[in-house]
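Contents: one structure, followed by commentary.
Just so it is clear, none of the values below were taken in a lab; they were calculated from the coordinates. Everything numeric in this text was worked out from a predicted model, so none of it was measured. Here the Cβ positions follow ideal geometry from the backbone for every residue, glycine too, while neighbour counts run over all protein chains shown.
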Amino acid sequence: MIRCIRHVAAFSLLLLLALLANAARVQVLHSAEYDANPANRRAAIARWGQPRGDIWAGGERLTGSVDTGEGLRYERTYPDGELYAPVTGYASQLYGTTMLEDTEDAALSGRDTRLAPLPLWGELTRSLQPGGQVHTTIEPAAQRAGYAGLRGRKGAVVALEPSTGRILALVSSPSYDPGLLSGNSARVKTAWRRLLADPRQPLLNRAIRQTYPPGSTFKIVTAAAALDTGVVTDIDAPTRTPSPYNLVGTRHLLRNESAGCADAPLREAFAVSCNTVFAKLGATVGTPEMARTAAAFGFDDEGPRIPSPALGSVFGDTMDAAQVALSSIGQFDTRATPLQMASVAATVANGGIRMRPYLVDEITDGDGDVVARGRPEPLGGPVVPGYVARLLQQMMVDTVTGGTATRAAIPGALVGGKTGTAQHGVDNSRKPYAWFVSWAQAPDDSLPAVAVAVVVEDAEARRSDISGGGSAAPIARAVMEAALS
Amino acid sequence: MTTTAEAPPAQELPVRRRTGASLLLLALAVAVTWVGYAASGVALTGRVPPDAWSFAAFQGALGLLALGAVHRLAPYADPLLLPVPVLLNGLGLILIHRLDAAAPGRDAAPAQLLWSMLGMGVFLAVLVLLPDHRWLARRATWCAAAALALMAAPIFFPPVNGARIWVHFGGFSLQPGEFAKVLLAVFFAAYLSGHRQALTYVDGRRIRGIHLPPRSVLGPILAVWLVSLTVLLLERDLGASLLFFGLFVVMLYVATSRPGWIAVGVLLSLAGACVVGTLEPHVGVRVADWLAPFAGIEDGRGASQLAQSLFAFGHGGLLGTGLGQGDSVLIGFAGTSDFILATAGEELGLSGLTALLLLYALLVSRGLRAGITLRGDDFGTLLATGLAVIVALQAFVISAGVTGLIPLTGMAMPFLAQGGSSVVTNWAIVALLVRLSNAAGRPGARTEVTEAP
């Protein structure tokens, strides 16, 4: 009997060892794998178990958190959600994160190791830090002016500080309230489906995630290429261009919207936006040089990360003479995001130096200490020499003082601009897009303080008025005024 | 080792009353419980629970009362047998209280506290009313009848969550099967010790090298066992079936010293598993879940309870999240009963889980030790072994089930899991073990070496 009890004891010991070995397998060997399983809600519970850090603009709080007392405890709130949705994006318990909520998620959720008071602190305590605060470069006044100016029409506004690349306004319209997507209730699912099904695409960030044919605003790039390559040396010399102009190798006759384009000098042609002159200039400069200048301005590259990824803009480098002529007036395959055209204006305003656009000014931890800072950074060397930039500035100023863009003028400030009307649809059947790009310099500043690009998709007006000068220029003016003051 | 067990002791070993050691261990158990309660309170509410001191005082007072009873009524008992259950019971209350806090509206801890007090009452009652365990041997038939009646009772009550294991009256519900297992162990011990000679040495029929005892000896035992299994299958309480079966096989093996019984037991359990597996659909589900715990997630049906349990254990890692800081409440149903160990695993980590399992190992080893020391008292030896095996099997089957080592079978982790009948029964088991170890440690007990040749 005794021997058998010892056997029982030995067998019990064996069972204990099996239990412990298996526990070690589950708790140590597979621990990370189990934690990462999508059906394991622990990560989400921890993530939403503390209020997210907030996103700020000029001392204004763009986000908040509300304690729901539920399993996923804190939900995101957005005091002025529709206005700032293109900046913040949403932080949804069901549908993930976008825009700054996505790119800065590590800091906002407290996961970022830079937030920890000591190295390895987070690993040791196995807990999240209090969420970091993300301070953006957005100027609330400029953002409001742009959003108000669009009045719910489809379109976008981007404003940059030319000398730094700081993004002062990032507007997309129509917008949505990201707060509708914060939680995990049935209402959130309904809102999500409704937003996805909306034909006006409110979730689309048109400022950085939509490309448009830039139309005549692209003539800034064409003029830059013509001046840089020496095709034009005197902006007041006649360009010997017929009107209408026969595209090389085709029977297509290119016409102008405005009169006085025959043989117009570059300055004149820029101010009244002569298609013929710029088509001929583009053809004369040639595809390789046009493509090189466009690339220097940022075309034909993957879009910048601001830090949300923007779509790339397109010019192309395998075009025949007729195609490059059309591309040079912003048609054919040329496409640009509003951010890209704002960057073109900013580069001209900054004397030819293109700055990387950025949205995050600084990130602070729970104590207010700065843990990361956005820094101005030039993108490559000068896009065009300084004298070319100055000539371009002059022509843009002339366009505002006596050309198509008089409606962008701000009393007392130096304003340069360029209108654009991009036709689209089969045989240009649909309403054209109205473009306007510009920059403005306050009287006592040495440099332009703001560059803006505005695009309005469905301007409800007469065709001649849809031109950038009519629909888009007043919006740009309001944004520039807000940014200057 | 076996030789020392067979040979008479060379000299009288000094026998000491070890109440002092027991008192120290009891204080340690109360202290550990207090720290755990305070830690979970700080994690959940930000402060030490205001009733932490009174709870510790209460636990200490009850422990002292029990220790006093042991000191007077069973002075030679094993000093570990009382402090270990006090600690396990305390930890169980902490874990249940902590899970209460995570699930609004659930308030299981106060009831469990009442049941624990009742359990200690039963502990005292057994010590007082049963001065000599051999009295039980003479009540074997009565025990068998009572056990069968208790097991059959739930058939007349509605099933809860698919299992007919509850008896309801008034506002109370009981699981009579919990009490039945002690009575069955008593019956098996009495019957097997009474018929040991016949079972071991008489020539029965021989089937393929296995000696079978005569039908007259084996009949009653098989009958009781079959009836109990049938009843349990009717009640769909597979955990208890497994426990009774394992208990029966082990006690038979210890009584007869014939490994053939193990073989018979394993064969019978395999056959039983096949039959049950085909008759009971939810057994198949459990096995499938064990083979592929995450299949439900891949199919989009969400995480199964076993998967949630594994997540909880995995999240605990080596050191655990700390009491009150885990999310084992995600396991949902039966989180405080069958899956209570997952909370321990998540919040105390592998280190805490190991300590907890070692406490059970300690309890089981002290029970088996009492059995070994009770030389010459076949009934006592078998009863101590059986009681220790009840604890060991329960702890193993449910621990291995919730950690994915074997298919999950519903069973209560002794002292830790929520369940009044279980905690009362386990205190009764501890009382019997105290009584048995006292008999084993009594001066002179070791001189009565009259083991059969």
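So if I place +1 on the C-beta of Lys and Arg and -1 on the C-beta of Asp and Glu, and nothing else carries charge, what would the dipole magnitude of the protein assembly as shown be about its Cα centre? I want it in debye, nearest 20. Kindly include the intermediate steps, with their values, before the conclusion.
Working: 73 positive and 70 negative charges, 633 e Å.
Charge dipole of the protein assembly as shown: 3040 debye, to the nearest 20.
Mind sorting B:R258, A:R373 by how few other Cβ atoms lie within 10 Å of their own Cβ, fewest first? Intermediate values should be presented prior to the final figure.
Details: B:R258 17, A:R373 11.
Going from sparsest to densest Cβ surroundings: A:R373, B:R258.
Pull up all non-local amide H partners of A:Y212: gap of 5 or more, or a different chain, and H-to-H distance under 5 Å with H placed in the peptide plane.
Answer set, sorted by chain and number: A:A336, A:T337.
Under a Cβ-Cβ cut-off of 15 Å, what is the net charge of the residues other than B:T336 that fall near it, where Lys and Arg count +1 and Asp and Glu count -1?
On the way: positive: B:R98, B:R106; negative: B:D100, B:D107, B:D327, B:D338, B:E346, B:E347.
The answer is -4.
Only counting other Cβ atoms within 10 Å, I'd like A:M355, A:M1 sorted with the fewest neighbours first. Walk me through the numbers before you get to the answer.
Details: A:M355 20, A:M1 24.
Ranking A:M355, A:M1 by Cβ neighbours within 10 Å, fewest first, gives A:M355, A:M1.
Sorting check: for B:56-68, B:186-198, A:276-288, which peptide has the highest mean count of neighbouring beta carbons within 10 Å, and how do the rest follow? Could the numbers behind the result be given before it?
Values: B:56-68: 17.7, B:186-198: 21.8, A:276-288: 24.1.
Going from most to least packed, we get A:276-288, B:186-198, B:56-68.
Zone of A:D458 (label point 7 Å along Cα→Cβ, backbone N under 18 Å): which residues in the range A:213-245?
A:213
If amide H atoms are built 1.01 Å from N in the plane of the peptide, which residues on other chains or at least 5 residues away come under 5 Å of the amide H of A:S65?
The answer is A:T77.
Could you compute the net charge surrounding A:Q50? Neighbours are other residues with a C-beta less than 13 Å from the C-beta of A:Q50; K and R count +1, D and E count -1.
Numbers: positive: A:R47, A:R52, A:R73, A:R76, A:R111; negative: A:D54, A:D67, A:E75.
Taking every Cβ under 13 Å from that of A:Q50, the sum is +2.
Run the helix sum for the protein assembly as shown: -39,500 (n - 2.57) per DSSP H stretch of 4+ residues, divided by residue count, reported at 222 nm to the nearest 500 deg cm²/dmol.
Details: 38 runs with 485 residues, N = 938.
For the protein assembly as shown, the value works out to -16500 deg cm²/dmol.
How big is the Kirkwood radius of the range A:1-127, worked out from every pair of different alpha carbons and given in Å to one decimal? Numbers along the way, then the final one.
Values: mean 1/r = 0.0549 Å⁻¹.
About 18.2 Å for the range A:1-127.
Note down the Stokes-Einstein diffusion coefficient of chain A in µm²/s, whole number, using a Kirkwood radius over alpha carbon pairs, 4 °C, and 1.567 mPa s. Don't jump to the answer; show the numbers that get you there.
On the way: Rh = 24.5 Å.
Result for D is 53 µm²/s.
What distance in nm separates the simple spin-label points at B:H71 and A:H252, each placed 7 Å from Cα in the Cβ direction?
A separation of 10.7 nm, rounded to one decimal place.
First select every other residue whose beta carbon is under 12 angstrom from the beta carbon of A:A91; then total the charges, Lys and Arg +1, Asp and Glu -1. Mind showing how you got there, number by number?
Details: positive: A:R47, A:R52, A:R76; negative: A:D54, A:E75, A:E101, A:D102, A:E104, A:D105.
With Lys, Arg at +1 and Asp, Glu at -1, the net is -3.
What's the extension gain from B:A27 to B:A149 if we count 0.36 nm per residue and subtract their Cα-Cα distance? Write out the running numbers ahead of the final one.
Details: separation 122, 0.36 × 122 = 43.92 nm, distance 4.03 nm.
Extending this stretch completely gives an extra 39.9 nm.
Starting from the Cα of A:L94, step 7 Å along the direction of its Cβ; do the same at B:Q197; then give the gap between the two resulting points in nm.
Taking the two extended label points, one gets 7.9 nm.
Let's test the formula: R0 of 35 Å, r as the Cβ-Cβ distance of A:F11 and B:F156. What FRET efficiency results, to the nearest 0.05?
Working: r = 38 Å, r/R0 = 1.08.
About 0.40, to the nearest 0.05.
If Rh is defined by the Kirkwood formula over all Cα pairs and Rg also comes from Cα, what ratio Rg/Rh do you get for chain B?
Using only Cα positions, Rg/Rh for chain B is 0.97.
Can you tell me what percent of all Cα-Cα pairs in the protein assembly as shown are more than 43 Å apart? Don't skip to the end; give the middle numbers.
Values: 230748 of 439453 pairs.
Of the Cα pairs, 53 percent sit more than 43 Å apart.
To the nearest whole number, what is the average tally of beta carbon atoms from other chains within 10 Å of the beta carbons of peptide A:33-39? Display every interim value, and only then the final one.
Details: counts 3, 10, 4, 1, 7, 2, 13.
Shielding by partners across A:33-39 averages 6.
Starting with the fewest neighbours, write out A:D367, A:D398, A:D228, A:D444 ranked by other beta-carbon atoms found within 10 Å of each beta-carbon.
Numbers: A:D367 9, A:D398 18, A:D228 22, A:D444 5.
Going from sparsest to densest Cβ surroundings: A:D444, A:D367, A:D398, A:D228.
Residue by residue through B:340-347, how many Cβ atoms from other chains fall within 10 Å of the Cβ on average? Mind showing how you got there, number by number?
Working: counts 0, 1, 0, 0, 0, 3, 2, 0.
That works out to 1 on average.
Modelling each spin label as a point 7 Å along the Cα-to-Cβ direction, I'd like the B:A292/B:L114 distance in nm, to one decimal.
4.6
Would you kindly state how much longer the chain becomes between A:D263 and A:R305 on full extension, computed as 0.36 nm times their sequence separation minus their alpha carbon distance, in nm to one decimal? Mind showing how you got there, number by number?
On the way: separation 42, 0.36 × 42 = 15.12 nm, distance 4.21 nm.
Working it through step by step, the gained length comes to 10.9 nm.
Taking H placed 1.01 Å from N in the peptide plane, check which residues at least 5 places from A:V371 or on another chain put their amide H under 5 Å from its amide H.
Amide H neighbours of A:V371: A:I363, A:T364, A:D365.
Taking the Cβ-Cβ separation of B:R138 and B:S351 as r and a Förster radius of 51 Å, what is the calculated FRET efficiency to the nearest 0.05? Walk me through the numbers on the way to the answer.
Details: r = 47 Å, r/R0 = 0.92.
About 0.60, to the nearest 0.05.
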